[in-house]
Amino acid sequence: MKIIHTSDWHFGMPVRTGSYRDCQAHFLQQLYDLVRREHVQAVLCAGDVYDSSVANAEAISLFNEAATTLCAELGVQFIVIAGNHDSAPRLAACRELLRPAGLHITGRLERDIPPILLDEDRVAVYSLPFFHKDEVLALFPEQAQQIISQETAMQVVCSHIRQQMDPNRKNIIVSHSLIVNAELSESDRSARIGFATAVSKDVFQGFDYVALGHIHKPQVIAPHIRYSGSPLKYSFGSEEHQEKGVVLLDTETMEQQFIPLTPLRDRISVRGTYDELIAREDLKNHYLHLELTDRFTGLDLQAEFFQRFPYLLEISGMSLNPQELADRLSVEELKEMDTTDIMKKFMAEHFSYTPTPDQIALFQEMLQESEDDDQ
């Protein structure tokens with residue numbers, strides 16, 4: 001049988017333009033198409049369905065659409081575990097009622113993890129949601145002296161599963177966890193904070209395939225252990241250059257294939273002058289970080305670019321170097337300058353431009369007219 005491994009959907013993640021809903025819906029459509037094309041029988045989502053433990057209505061609606069399409073329309077077994085961003089009790093509500101429909105959700109860690117049997121019982125999937133060491137201590141009090149870290153807690157849990165599992169089956173474990181030396185992206189904010197909870201890949205010894213979630217960069221940890229990564233790019237920096245997708249697993253051969261996804265909108269950082277950037281028609285449909293090399297980014301300029309590029313998320317401009325900072329005027333110095341000097345200083349700082357004598361004369365003429373009108 002064929003199985004799709006995916007993770008870290010982060011439905012409900014906020015963005016300056018509102019939400020990623022249309023991009024996430026575009027991903028789901030590609031997922032459905034792949035299920036049909038490859039005759040997939042099960043989809044594994046290794047945690048972080050939602051971006052927040054209190055998911056908003058839009059995010060819940062999107063997950064409901066995914067579960068309904070996969071289970072009810074396509075007849076797929078949909079196996080989901082809670083990640084650190086999910087609310088385990090909320091995600092797993094009505095789990096017993098939903099299981100006959102093909103939706104298998106595991107919210108909290110259990111002592112005895114029943115396998116989900118697939119392909120006429122030839123494949124067993126064990127669901128291991130995100131958990132803390134203290135949860136393992138409560139479930140395995142007889143091993144309290146051994147459980148001193150996340151690593152040893154994971155060893156206890158996986159050893160207990162191995163004691164139950166049938167070696168004649170293809171045994172798959174779905175886990176939302178951080179593996180030592182996994183390569184992080186800028187959007188892996190919680191993983192960076194919780195790096196002390198990392199575990200070694202050796203804890204998963206004995207499983208035929210380990211479907212990991214938590215890290216957003218797709219990567220192979222060992223031949224049978226891998227992160228599918230997030231389906232969308234959720235940060236600038238190194239994540240811009242990652243190819244996003246899902247993993248297709250054939251349980252007959254245990255062959256894995258990474259299937260790339262085409263994003264509705266890419267995530268791009270671009271550096272250039274004002275004239276170069278403002279003329280870029282090809283950037284309008286993408287999430288952008290723009291860096292201007294010849295202008296300071298005041299509020300008016302930012303407003304102009306936000307209007308020009310509807311999916312612009314970040315914009316930065318020239319920054320003052322130490323010498324420029326030293327050259328900035330104090331309030332006392334500013335009081336001693338006349339209006340023309342202030343204008344010249346402003347043009348130099350914001351536009352790196354020195355007005356010509358004719359422009360200065362025109363400025364002084366307009367200034368005089370303004371003063372006359374006020375009188």
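The values are calculated or read from the model by the stated rules, or taken from the named source; none is laboratory data. No experiment lies behind these values; they were computed from the predicted model shown. Note: ideal-geometry Cβ built from the backbone for every residue, glycine included; neighbour counts use all protein chains shown. Side chains are part of the model used for accessible areas, which takes the heavy atoms of the whole protein and leaves out ligands, DNA and RNA. Shrake-Rupley method; radii C 1.70, N 1.55, O 1.52, S 1.80 Å.
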Per residue convex hull volume, Cα only, the range 65-220, in Å³ is 128 Å³
Partner lysines whose C-alpha sits under 23 Å from that of LYS344, ignoring same-chain residues fewer than 8 away, are LYS335
Residues whose built amide H sits under 5 Å from the amide H of SER177, excluding neighbours closer than 5 in sequence, are GLY213
Within the chain, the percent of DSSP beta bridges that are antiparallel, given to the nearest 5, stands at 30 percent
With +1 at each Lys and Arg Cβ and -1 at each Asp and Glu Cβ, the charge dipole magnitude of the range 87-203 around its Cα centre, to the nearest 20 debye, comes out at 180 debye
Rounded to the nearest 500, the 222 nm mean residue ellipticity computed for the chain from DSSP H runs (n ≥ 4, each -39500 (n - 2.57)) alone is -9000 deg cm²/dmol
Here the tail fraction of P(r) beyond 20 Å, over all Cα-Cα pairs of the range 150-262, rounds in percent to 44 percent
Carbon/sulfur accessible area of the chain, % of total, 1.4 Å probe, equals 51 percent
Given unit charges at Cβ for Lys, Arg (+) and Asp, Glu (-), the dipole magnitude of the chain about its Cα centre in debye, nearest 20, is 2360 debye
One finds, for LYS201 and ASP275 with R0 = 51 angstrom and r their Cβ-Cβ distance, a FRET efficiency to the nearest 0.05 of 0.50
Count of lysine pairs, the range 156-313, Cα-Cα under 22 Å, sep. 8 or more residues or interchain, comes to 7
For the range 141-234, percent of DSSP beta bridges that are antiparallel (nearest 5) comes out at 25 percent
Distance in Å, no decimals, from the C-alpha centre of the range 135-170 to the one of the range 92-128 is 18 Å
Simple spin-label estimate for SER53/GLN29, 7 Å along Cα→Cβ, in nm, reads 3.5 nm
Probe 1.4 Å, heavy atoms of protein chains only: per residue, the accessible area of the chain in Å² is 49 Å²
Whole-percent tail of the Cα-Cα distance distribution for the range 217-324, cut at 24 Å, equals 42 percent
